[in-house]
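Undergrad: Sharing a structure below in structure tokens format, with a few things to ask.
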Protein chains: 2
Amino acid sequence: MNESETTDIRALPIFAEMADENFESLMRGSYVQNFPPQIELISEGEPSDFLHVIISGAVELFASWNDRESTMAIVRPVSTFILAATIKDAPYLMSARTLEKSRIVLLPSTDVRQIYDIDNGFSRALVTELAQCYRGVVKNSKDLKLRTSIERLANYLLKQHSRANGNGAFELNIEKRKIASQMGMTPENLSRAIKALKPYGVTVNGTSVHIADADDLASLAKPDPLIDDPLS
Amino acid sequence: MNESETTDIRALPIFAEMADENFESLMRGSYVQNFPPQIELISEGEPSDFLHVIISGAVELFASWNDRESTMAIVRPVSTFILAATIKDAPYLMSARTLEKSRIVLLPSTDVRQIYDIDNGFSRALVTELAQCYRGVVKNSKDLKLRTSIERLANYLLKQHSRANGNGAFELNIEKRKIASQMGMTPENLSRAIKALKPYGVTVNGTSVHIADADDLASLAKPDPLIDDPLS
DNA sequence: CGTTCAATTGATCAGCGTCAAACTAGGTGG
DNA sequence: CCACCTAGTTTGACGCTGATCAATTGAACG
């Protein structure tokens, strides 16, 4: 791990407030690895040996049951994932695989738990982080239960749009099939949902999206900060 | 608040490890109230003024968007709810209403945040609690995304069945419409789903459920600890 | 230039929601 | 004590959303 990476990790909210010596001790026990795409990093049901921090690339969190599979989230740098399993020393509820070439830090779960027991800055940061994660999943559930697939797509596009400076055009940075699964639909249905948004000024060509009039689209999407705002 | 109630609250995992003086200070600032059924305790979007602890009765957490409404969870004693909003000093993501006559303790959010800043036992307990909550919502999402409504119902019934000692018969303790909404379906659809489980030995009469052969039902439900186990 | 896999399209079908009506149970008041 | 009212539940009919299956197109890569 190089120095700038250590700095990036240190800057993460969950590590920012902890004592220097504890942070260094955490880092000493850690591993950094580069993974090619499509590597399964962890499997649902396994004991949580490591807290993962993604430095570059992209990771998909997904879940399976009865031969079905669903994308639960896409994680991008710089952030941690499967924090809750690490804390509770419980089996992973989701599996994770790299979508792109990714650089990932592995912090032994036992170290994380040990230090969270003694470092109050760390434990307080974890409270905030987990509260945030919790709220994220709740928002996701609301999205799933209260909206149709077209409404979900409309809101998804608006969110990506504003994330890309909102100038009318942006690129999808993940496969459509993953987007579809994440939003609880099939690839075919996503394809048709995109067409259904044409009357609202949405044009999609490959990975490039054009939104003619964000307000028009928003009139359908009815974005709600209590569902769509990543903050708060 | 009487003494046995204070003891019950103190016994909750999130309060068990905190210093006596901090617990007492929290309790001093708290209110206890009895609410009739159907009272809206909190509304989605409002600032989180109080952490709620339910002592008796039942509370529904629900969410709304665009004139639609969905039951997100049912909370039973003794437990807290809307902890994450309190911690983050953020607006509630869900509303809450009493389903039955309920006794509820209100702890001012500012007090909770203040004490969590100074009491390390408390902040560590919050980490565990929030990790648990997070995992609960993730399991719920998996249930929703990976299963059909009939499979969800089958698993729901098995869970209630084992909770009621697994002797073949038990009572539904909430309205069917709420059960339906919680599982992401309409009351009509729940009604039909129940019928669809008849070949698996499920009989429902009013609120009383009879399960002839739990193994038979489980062969359809395929319960999975990573979705259905409340613990871990 | 061919192989491979994602994305699209069309056709069909199942699951589920909607609407309307009938039925039931619990509670109230005469 | 019974009639009635109200609200939840059930049933039937129907239609829409979205899944499935199959086939084609398109794009990336060796």
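Undergrad: What part of the accessible area of the protein assembly as shown, given as a whole %, is carbon or sulfur when the probe is 1.4 angstrom? If you can, show how the numbers build up before the last one.
TA: Numbers: 9810 of 20430 Å².
Accessible surface attributable to carbon and sulfur in the protein assembly as shown totals 48 percent.
Undergrad: To test your reading of the geometry: what angle, between 0 and 90 degrees and rounded to tens, separates the Cα axis of helix A:120-146 from the longest principal axis of chain A?
TA: 20
Undergrad: State, in square angstrom and to the nearest 100, the accessible area buried between chains B and A, both chains counted, probe radius 1.4 Å.
TA: Numbers: alone 12710 and 12700 Å², together 20430 Å².
In total, this chain pair buries about 5000 Å².
Undergrad: With a ≥ b ≥ c taken as the square roots of the eigenvalues of the C-alpha gyration tensor of the stretch A:160-214, please select rounded if a/c is under 1.5 and otherwise prolate if a/b is larger than b/c or oblate if it is not?
TA: Numbers: a/c = 2.12, a/b = 1.38, b/c = 1.54.
Verdict is oblate for the stretch A:160-214.
Undergrad: Separate question: Students often get this wrong: which residues of the stretch A:114-129 have the backbone nitrogen under 15 Å from the point 7 angstrom along Cα-to-C-beta of residue A:25?
TA: Under 15 Å, as judged by backbone N against the label point of residue A:25, lie A:114-123 of the stretch A:114-129.
Undergrad: Calculate, for residue A:3 and residue A:49, the FRET efficiency according to 1/(1 + (r/R0)^6) with r their C-beta to C-beta distance and R0 25 Å; round to the nearest 0.05. Spell out each step's value before the answer.
TA: Working: r = 26 Å, r/R0 = 1.05.
Plugging the Cβ-Cβ distance into 1/(1 + (r/R0)^6) gives 0.45.
Undergrad: Return, ordered by residue number, the residues of the stretch A:162-201 whose backbone nitrogen is under 12 Å from a label point located 7 Å along Cα→Cβ of residue A:208.
TA: In the stretch A:162-201, the label zone of residue A:208 (backbone N under 12 Å from the point 7 Å along Cα→Cβ) covers A:169-172.
Undergrad: Enter the accessible area per residue of chain B (Å², integer; probe 1.4 Å; all protein chains in place). Show your work: numbers first, answer last.
TA: Numbers: 10220 Å² over 232 residues.
With all protein chains present, chain B gives 44 Å² per residue.
Undergrad: Among the listed pairs A:142/A:198; B:88/B:142; A:142/B:142; A:222/B:139; B:139/B:159, which have their C-alpha atoms separated by more than 18 angstrom in this model?
TA: On the way: A:142/A:198 25 Å; B:88/B:142 26 Å; A:142/B:142 14 Å; A:222/B:139 27 Å; B:139/B:159 14 Å.
Exceeds cut-off: A:142/A:198; B:88/B:142; A:222/B:139.
Undergrad: Now a separate question. Counting only other chains, and only Cβ atoms inside 10 Å, what mean value do you get across the residues of B:66-73? Show your work: numbers first, answer last.
TA: Working: counts 6, 1, 4, 2, 5, 1, 4, 2.
Partner-chain Cβ atoms within 10 Å, mean over residues of B:66-73: 3.
Undergrad: How big is the accessible area of residue A:101 in square angstrom, nearest 10, if you roll a 1.4 angstrom probe over the protein chains?
TA: 150
Undergrad: Convert each backbone phi in the stretch B:81-92 into a coupling constant with the Karplus relation 6.51 cos²θ - 1.76 cosθ + 1.60 (shift: θ = phi - 60°), then list the ³J(HN,Hα) values in order as whole Hz, x for Gly and Pro.
TA: Residue by residue, the stretch B:81-92 yields 9, 6, 5, 4, 5, 4, 4, 7, 6, 10, x, 4 Hz.
Undergrad: A further question on this structure: Non-local amide H neighbours of residue B:58 (under 5 Å, H modeled in plane, Pro and chain starts lacking H): which ones?
TA: B:99, B:100
Undergrad: List the distances, in nm and shortest first, from the label point of residue B:212 to the matching label points in every other copy, placing each point 7 Å from Cα along the Cα-to-Cβ direction.
TA: Taking the point 7 Å beyond Cα along Cα→Cβ, the inter-copy spacings are 6.0 nm.
Undergrad: Let me ask you something else. Over 5 Å intervals from 0, what percent of Cα-Cα pairs in the stretch A:76-175 sits in each interval?
TA: Pairs per bin, as whole percents: 2, 9, 14, 18, 18, 16, 11, 8, 4, 1.
Undergrad: May I pose another question? Quick one: putting +1 on the C-beta of Lys and Arg, -1 on the C-beta of Asp and Glu, what dipole do you get for the stretch B:137-227 around its Cα centre, in Debye to the nearest 20? Write down the numbers at each step before the final one.
TA: Details: 14 positive and 9 negative charges, 71 e Å.
Around 340 debye, computed over the stretch B:137-227.
Undergrad: Shielding of A:222-231 by partners, i.e. mean partner chain Cβ atoms within 10 Å per residue? Walk me through the numbers before you get to the answer.
TA: Details: counts 2, 0, 6, 3, 10, 3, 0, 2, 0, 2.
Taking the mean over all residues of the peptide, I get 3.
Undergrad: Let me ask something else about it. What percent does the relative contact order of chain B come to when contacts are Cα pairs within less than 8 Å and at least six residues apart? Provide the component values of the computation, followed by the final result.
TA: Values: 367 pairs, mean separation 45.5, N = 232.
Answer for chain B is 20 percent.
Undergrad: Applying the Karplus parametrisation 6.51 cos²θ - 1.76 cosθ + 1.60 with θ = phi - 60° to the phi angles of the stretch A:15-25, what ³J(HN,Hα) value in whole Hz is obtained for each residue in order, glycine and proline being reported as x?
TA: So the J values, rounded to whole Hz, are 10, 5, 9, 8, 5, 3, 5, 5, 4, 5, 5.
Undergrad: Straight-line reach only, C-alpha to C-alpha below 14 angstrom: list the aspartates and glutamates that residue B:101 could link to, leaving out same-chain residues fewer than 8 apart.
TA: B:40, B:60
The values are calculated or read from the model by the stated rules, or taken from the named source; none is laboratory data. The model shown is predicted, which means the values in this text are computed figures rather than measured ones. Heads up, the Cβs are rebuilt from the backbone with ideal geometry, glycines too, and the neighbour counts pull from every protein chain shown. Note: areas computed on protein heavy atoms with side chains; ligands, DNA, RNA excluded. Shrake-Rupley method; radii C 1.70, N 1.55, O 1.52, S 1.80 Å.
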